[in-house]
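Reviewing the structure listed below.
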Amino acid sequence: MDGQDHKSLRKSCIDELAGKIQDAMKRGNDGERAFCCHSSLRAIWKERRLQQLLFDNRLTDSQIDFLWKHLLGFLSFIVWAEIPDDDWFSTFKSRIFSTPDTTCARFIDDHLPLDLETLKGLGFKSHRVEKFWIDQHRFIPAVLDFSIQRDTQKIGPHVRLPFEFRAEEDRRGGYGLIEFYRIPPEYVQSSMYGHATWKPNEPYAVAVKSFKEGRTDAQREVETLCRVKMTLPGDLYRITLHHTIIEQDMQYYIILPLADLGNLDQFLRAQSAVSSKTYSLQPKTFRERFPDLPSHTAELAGALLEQCVAIADALKWLHAGFRENQNLVYLAHMDLKPDNILLFDGHSAPVGFWKLADFGISVIKKIHKGVQERQTMHTGARRPQNTYQAPEVEKSWLSGGSSKVGRKSDIWSFGAIFSEVLTFAEGGPSYLTKFERTRPGTYDNFYCPIDNGLSPGSPDFQVRPNVVTWLEDLCHHAGADRSYVTCWTRCVKRLLIVDPQHRPDAAQLLDYVNHVSDHVHRFIQQEEPPMCIFDQAQREPLPRLRGSDAKPIAPAAPDIQFNLVNTAVDNAEQSASMNAESFVSTGTNSDGLSPRSSRVDSDPEGSSTRHTSMSQPGMRAAGGPIAYSRSTPLLAESTLEIDLPKTELYRESWEPGINTRSCPKDVAIGQLWIAYLSRFKVYMFRLRPDYQGKRIVQPTEGVDLPTGDKNEWRSIVVSGHYLVVWGESKRSREPLFRVYRVFPQDAGGSPPTLLQTSLKDFDSPKRVALSCQGFVAVISSKNLLISQIEAPGETQRLYTEAGIPEDESYFEDIAFNEEGDILYAWAAGRRGWLLCYRIIKPFVIHLEHKTSHDCEINQKLHLAKLLPYDRTMGCILSPDAGKYVAFSAESSITDNISPMLSTSLLWPTVSDIRACCIYGDRSFVIAKPKSLRKTCLVEYPLPRNGAYDHTEERIICRLDSRLIEGSAMKFFRCGNDGAILVVICHRDGKMEVIKYGTKRNQ
């Protein structure tokens, strides 16, 4: 083949590559926003394209591999822009590599964009370089970091944002524009998900808020969002947090999660909304988004009130103030309306999972440390009135700011929204349209001026008479049969008070909404309605929730030094003789997770009301992981075949006096120990019942952890006599890891002994697995590292490639069974994989079983959590919030048979779990709020021999106080009398014990 033919072939190759690159451009018609994904470039350059283009360069295999990995962006740029002559490629090797036969290159894609002088020095035509220099950015779009950040993510003015697809619908507000995009998965990452380059499994849908004018309002909202994101406690999920904030060329872009179900305004009007469940982000109809909407009026009202309670709880947190660098910060939303309440999918909520959003005109007041705290907070109105804003907003706007507004303005807005939610519950969108027609005017406000002729420049206001009439008509239509409607309307009237000084505060608002919710719940359960608190005098204070103001009762056991909070009425003497060795563990604890939790309060005193505050875990990024727990049976296997007794014999709850200024970070229950993790200390408690079966928990010497502002200890796990604590150094981003042996001090043992700190290269946000046999396992991206505690120098590495026939699978969760000889591992890629490793002896590890699981679309495989069975091969997996899959086998672990695991979908939706465990490999026991008024223990059956009996849930009991998510519980069998003890460790530091059995156990 002569030189002309070679030149023709290279020209043909360049033309073909340039065409394919152009076709792969995202938003290719927009020259300033177009970009090309690296994954698309890899697909284009495969099939020996490099060899065809550079055929006469005599490249080595290592150089070709280097180009494939590190210079595809540069090659794509010069080919697409036709910058070099065809002959330039003949000297490519000498221009790029410093020496002929090495991979030492003068630059790589990470160095792009190259400056003009560098490009000209490569021998390119000057006019082509100057014309197309800026287009290098097409091949290096920004990677969006969704990690928690205090500041914005600053990018250069020419860097392309990786917004792949824009929905046709957008939302325009007073100051900003919200557009909906998809982001290619390779340009989303977060260090929160276990390894620095976590990426979703599919294009990621987001809402992007930009600002139409000026930087002042944008900077104010950015500052507010960053403050809320950094201080929002893990137990409050009903505030929409941004993924990240991009600052580019004097413009801000706030990247937010896309609300799959739209906003509350679209819901109340049964409108279509953009959905991330369609690739093109096409709108879905109301019926498509809410297929399980309750048809019965009361059930619909109950579902709506659950979400209203959550929004009231979020508002309470904003108004009550939060700590920021030892300063107290108060926040008023100031723009509360249905458009700013977003509805997300999941959590078994038939009306969606509601979250508060949009802090564009929120007002912040900071009280510096040492200054007397005053909760007065007033400011001028920053936006003219709208439908839901309070009358003082209009007065402030008309007076030029001389009349002030504050947090009480949010209460009015909530009351207006609350009346529309009631209207929807009673008659749907058509009723809502009629309600709007009763309020004629530009903004159809819920108030109107009083024309008294005395002060025309500063009008007084009153609630619209038509609003009052509408509420009364709803009561009349419902009649006495549905008295909760009357209770609801009275609540609205308490909120729609013109004088802000006489409106309730956010804490009272939460009490009010809880009361209405309780009324509806009792109606659904056909119970007697509660004594209506709105029958009392208008300004009589509501009974407050039990909390830190409640005085503890004197401890019943001075030798244990507990502050007793509540004791059950059953004072019968316990005749069974019990000690530590007579306990059989049949439950679970949090197993070392660092879970997020739901904001809750204790039940109120008195019987007239049952107030609770509710929040459910969201998606993390949306999604918060469920705190799973584990336990190990200590007696014969036959003890696991006992049904859970139904008779409650005794209960007790107390506060163990954990000295921490904030809620403990984590709690774990082992066979013999309970551990609470605070900032720099682990509090240890010995499980040791006395002969009466009471006071089973005894405090022992804890563990002081290395201090320092840059050390963040995240989670703990206990098993046998071992304790593992891990976290991360904020300064170096290196994992922190410590293993202790814990001795019973009352038996003459020594304090906890530090055994190991050697594991460094692992994903600290993920769970650590601990075996009572002395093994510890951690996750390192695609690898599992298993170490023997007593021989820390020996570590075995297991790879996903050894068991999974997929390239992009990462280990996401691990857990040992109670015997400590089976390690369960969950890996996720294009689909999920469960792997079961048997540890035969130290570092003789056999892959016992593996099975794949094809989850539903949009399930977050990387957030799935494992809960292994106690004695039999199998586990429960939660691939998404409220979804549970059981992997069960027909043969026991003790059999020498490799079992086949079958999968069963358990209970299509089980949400808002505060703690959970396995009881005897027979049932799955969870602690969850029942319609937000109480926390109950609920039992569900598990599959037996590969078959699953869809039996209704069985409520075991109600707990004395509410749990927050991340709490732990564990079942023990007391000796041989058949009684069962349930030990419940609240995430906020309380402990509770309940004994079950038959009357003969008393």
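The values are calculated or read from the model by the stated rules, or taken from the named source; none is laboratory data. Quantities reported herein were computed from a predicted structural model and do not represent experimental measurements. Heads up, the Cβs are rebuilt from the backbone with ideal geometry, glycines too, and the neighbour counts pull from every protein chain shown. For accessibility, only protein heavy atoms count, side chains too; no ligands or nucleic acids. Shrake-Rupley method; radii C 1.70, N 1.55, O 1.52, S 1.80 Å.
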Based on what the data block shows, is I822 hydrophobic (A, V, I, L, M, F, W, C), in contact with a Leu (Cβ under 7 Å, 6 or more places away or on another chain), at pLDDT 80 or above and open to solvent by less than 20 Å² (accessible area, probe 1.4 Å)?
no
If I filter the stretch 28-44 for residues that are out of contact with any Pro (no Cβ under 8 Å at 6 or more places or on another chain) and more than 17 Å from P141 (Cβ to Cβ), do I get at least one hit?
no
Output yes when any residue across the stretch 136-148 is closer than 28 Å to G28 by Cα, open to solvent by 40 Å² or more (accessible area, probe 1.4 Å) and free of Cβ contacts under 8 Å to residues at least 24 places away in the same chain, and no when none is.
no
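Assess whether Y683 counts as being at pLDDT 80 or above and not hydrophobic (A, V, I, L, M, F, W, C).
On the way: at pLDDT 80 or above: yes; not hydrophobic (A, V, I, L, M, F, W, C): yes.
For Y683, the condition - at pLDDT 80 or above and not hydrophobic (A, V, I, L, M, F, W, C) - is met.
Among the residues of the stretch 742-762, how many are modelled with pLDDT of 80 or more and touching a Lys or Arg at 6+ places or on another chain (Cβ under 6 Å)? It would help to see each step written out before you state the result.
Within the stretch 742-762, the subset modelled with pLDDT of 80 or more is 742, 752-755, 762.
Next cut, touching a Lys or Arg at 6+ places or on another chain (Cβ under 6 Å) only: 753, 755.
Residues in the stretch 742-762 being modelled with pLDDT of 80 or more and touching a Lys or Arg at 6+ places or on another chain (Cβ under 6 Å): 2 in total.
Listed here are the residues, each with its yes/no results for (1) at pLDDT 85 or above; (2) surrounded by fewer than 20 Cβ atoms within 10 Å (Cβ to Cβ); (3) of a type in the set (V, I, T).
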position: L232; (1), (2), (3): no, yes, no
position: L236; (1), (2), (3): no, no, no
position: I239; (1), (2), (3): yes, no, yes
position: H243; (1), (2), (3): yes, no, no
position: L258; (1), (2), (3): yes, no, no
position: S272; (1), (2), (3): yes, yes, no
position: K277; (1), (2), (3): no, yes, no
position: L293; (1), (2), (3): yes, yes, no
Selection from the stretch 774-804 of residues that are modelled with pLDDT under 70, open to solvent by less than 10 Å² (accessible area, probe 1.4 Å) and in contact with a Phe, Trp or Tyr (Cβ under 7 Å, 6 or more places away or on another chain):
T800, I804
What number of residues within the stretch 15-47 are open to solvent by 50 Å² or more (accessible area, probe 1.4 Å) and assigned to a helix (DSSP H, G or I)?
9
Of all residues being within 31 Å of the chain's Cα centre (by Cα) and open to solvent by less than 10 Å² (accessible area, probe 1.4 Å) in the stretch 513-536, which is nearest to W412 (Cα to Cα)? Just the residue, please.
V513
Cβ pairs under 6 Å, 6+ apart or interchain, first in the stretch 388-408 and open to solvent by less than 20 Å² (accessible area, probe 1.4 Å), second of a type in the set (K, R) and modelled with pLDDT of 80 or more, ordered by first then second residue, are Y388/K337
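Is it true that some residue in the stretch 326-334 is within 19 Å of I239 (Cβ to Cβ) and either part of a loop (DSSP other than H, G, I, E, B) or among the polar types (S, T, N, Q) (or both)? Write out each step before concluding.
We begin by selecting, within the stretch 326-334, every residue within 19 Å of I239 (Cβ to Cβ); these are 328-334.
Imposing the further condition that a residue be either part of a loop (DSSP other than H, G, I, E, B) or among the polar types (S, T, N, Q) (or both) reduces the set to 333-334.
Checked against the condition, which is being within 19 Å of I239 (Cβ to Cβ) and either part of a loop (DSSP other than H, G, I, E, B) or among the polar types (S, T, N, Q) (or both), the stretch 326-334 yields at least one hit.
Scan the stretch 305-326 and give yes if some residue there is of a type in the set (V, I, T), farther than 28 Å from I178 by Cα and in contact with a helix residue (DSSP H, G or I) (Cβ under 7 Å, 6 or more places away or on another chain), otherwise no. It would help to see each step written out before you state the result.
As a first pass, look at the stretch 305-326 and keep what is of a type in the set (V, I, T): 309, 311.
When the remaining residues are screened for being farther than 28 Å from I178 by Cα, the result is none.
No, the stretch 305-326 contains no residue that is of a type in the set (V, I, T), farther than 28 Å from I178 by Cα and in contact with a helix residue (DSSP H, G or I) (Cβ under 7 Å, 6 or more places away or on another chain).
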Could you check the stretch 48-92 and list, in sequence order, the residues that are aliphatic (A, V, I, L, M) and either without any contact (Cβ under 8 Å) to a residue 60 or more places away in the chain or open to solvent by 40 Å² or more (accessible area, probe 1.4 Å) (or both)?
L50, L53, L54, L59, I64, L67, L71, L72, L75, I78, A81, I83
Considering every residue within the stretch 805-813, establish whether at least one is out of contact with any His (no Cβ under 8 Å at 6 or more places or on another chain) and at pLDDT 85 or above.
yes
Looking only at the stretch 274-310, which residues are in a helix (DSSP H, G or I), touching a Leu at 6+ places or on another chain (Cβ under 6 Å) and among the hydrophobic types (A, V, I, L, M, F, W, C)?
V309
Identity of the residue in the stretch 845-875, modelled with pLDDT under 75 and more than 26 Å from A968 (Cβ to Cβ), that ends up surrounded by the fewest Cβ atoms within 10 Å (Cβ to Cβ)
I857
Here are some conditions: (1) modelled with pLDDT of 90 or more; (2) surrounded by fewer than 18 Cβ atoms within 10 Å (Cβ to Cβ); (3) not aromatic (F, W, Y). Q266 meets all but one. Which one does it not meet?
(2)
Just checking: which of the strands (runs of 3 or more DSSP E) contained wholly in the stretch 901-1002 hold 3 or more residues that are of a type outside the set (A, V, I, L, M, F, W, C) and modelled with pLDDT under 85?
901-906, 923-929, 935-941, 991-997
